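Undergrad: Handing you this structure, nothing more for now.
The values are calculated or read from the model by the stated rules, or taken from the named source; none is laboratory data. For clarity, every value in this text was computed on a predicted model and none was experimentally measured. Glycine gets a Cβ as well: all are built from the backbone with ideal geometry, and neighbour counts include every protein chain shown. The accessibility values were calculated without ligands, DNA or RNA, using every heavy atom of the protein model including side chains. Shrake-Rupley method; radii C 1.70, N 1.55, O 1.52, S 1.80 Å.
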Amino acid sequence: MSDLKNASPESNLPRRGFMKGTAALMATAAVGSVAASRAAAQESLGAKAPFSLPELPYGYDALNPIIDTQTMTIHHTKHHQGYVSKLNAAIASDTSLANMTLSQLLMNLDKLPESVQTAVRNNGGGHANHSLFWTVMRPAAKASLPTGDLAAQITSKFGSFDNFKQEFATAASSQFGSGWAWLALGKDGLKVFGTPNQDSPLMMGMKPLLGLDVWEHAYYLKYQNRRPEYIDAFWNVVNWDQVAKYMTA
Ligand code: MN3
């Protein structure tokens with residue numbers, strides 16, 4: 001007990017690179033992930049320029065061995081940061097966009113000035129997609145299955161959870177080149193599909209619930225050309241509680 005007594009409140013917050021071992025990762029996930037993950041994706045979508053890189057809701061090493069530390073670090077600090085910086089540069093070039101949130105920008109792409117459409121599509125999409133991606137994963141020790149209404153809707157739409165997984169894996173493995181696989185919510189309920197590049201379900205008027213990044217930068221260091229192996233391993237780190245929250249948010 002004396003250890004707990006002496007611990008400062010900050011010791012319960014995610015401290016990347018400082019906490020080691022399963023117990024520390026579990027404590028980080030239990031205390032830090034829910035609040036941080038809600039903040040990350042929803043705040044990114046509701047934010048206006050200048051946009052900023054959200055914190056990961058866990059450490060860079062938290063998804064080992066499914067997604068390795070180096071991949072997570074480069075993916076977050078270089079790739080995601082790159083989308084944020086280029087999105088900011090694009091918005092700064094046209095002050096008429098300064099009052100639009102990220103989700104408004106993505107849902108109204110075709111109404112934006114033509115000069116910024118491609119930059120917003122690629123970099124705004126990249127910022128939104130990655131902000132969601134980090135939050136729909138969590139350490140493998142905490143892996144879960146869908147429950148409640150989400151589980152019922154998956155079964156009703158796809159026949160079974162296994163059928164859903166198969167359809168999602170097919171969307172992910174058959175996406176040619178760079179892109180994403182999605183479970184999204186639209187007018188007709190749940191839907192599974194792939195998008196090229198950084199296109200977001202928001203651009204089609206749908207709400208993204210679960211996304212899997214199948215750009216090579218997301219898996220190549222560990223899985224090389226074995227994309228199906230990466231897709232299969234992904235199920236071990238899906239945070240279904242967060243996916244369910246996005247469905248009702
Ligand atoms: Mn990526």
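Undergrad: How long are the three semi-axes of the equivalent ellipsoid of region 78-219, in whole Å, if each is the root of 5 times an eigenvalue of the C-alpha gyration tensor, listed from largest down? Working shown, then result.
TA: Working: eigenvalues 168, 54, 37 Å².
Gyration-tensor ellipsoid for region 78-219: 29, 16, 14 Å.
Undergrad: Over 26 Å between Cα atoms: which of 48/86; 191/245; 86/111; 48/78; 222/245; 111/165 fall into that group?
TA: 222/245; 111/165
Undergrad: So, one more: If you stretched the chain out fully between residue 157 and residue 95, how much longer would it get, using 0.36 nm times the residue separation minus the C-alpha to C-alpha distance?
TA: Taking residue 157 through residue 95 to full extension adds about 18.0 nm, to one decimal.
Undergrad: Same structure, new question: Which part of region 120-143 falls in the paramagnetic zone of residue 70, meaning amide N under 17 Å from the point 7 Å along Cα-to-beta-carbon?
TA: Output list for this probe position: empty.
Undergrad: Work out the FRET efficiency for residue 115 and residue 145 from their Cβ-Cβ distance, taking R0 = 45 Å, and round it to the nearest 0.05.
TA: 0.45
Undergrad: A further question on this structure: Rank these residues by their accessible area, most exposed first, probe 1.4 Å: 144, 85, 44.
TA: 85, 144, 44
Undergrad: In nm, give the distance between the simple-model label positions of residue 81 and residue 188, each being 7 Å from the Cα along the Cα-to-Cβ direction.
TA: According to this spin-label approximation, the distance is 4.2 nm.
Undergrad: Checking the a/c ratio against 1.5 first, then a/b against b/c, what shape does the Cα gyration tensor give for region 33-162?
TA: oblate
Undergrad: Which values, in whole Å and largest first, are the semi-axes of the equivalent ellipsoid of region 181-237 obtained as the square root of 5 times each eigenvalue of the Cα gyration tensor? Present the calculation step by step, with values, prior to reporting the outcome.
TA: Working: eigenvalues 117, 31, 11 Å².
Taking √(5λ) for each eigenvalue gives 24, 12, 7 Å, largest first.
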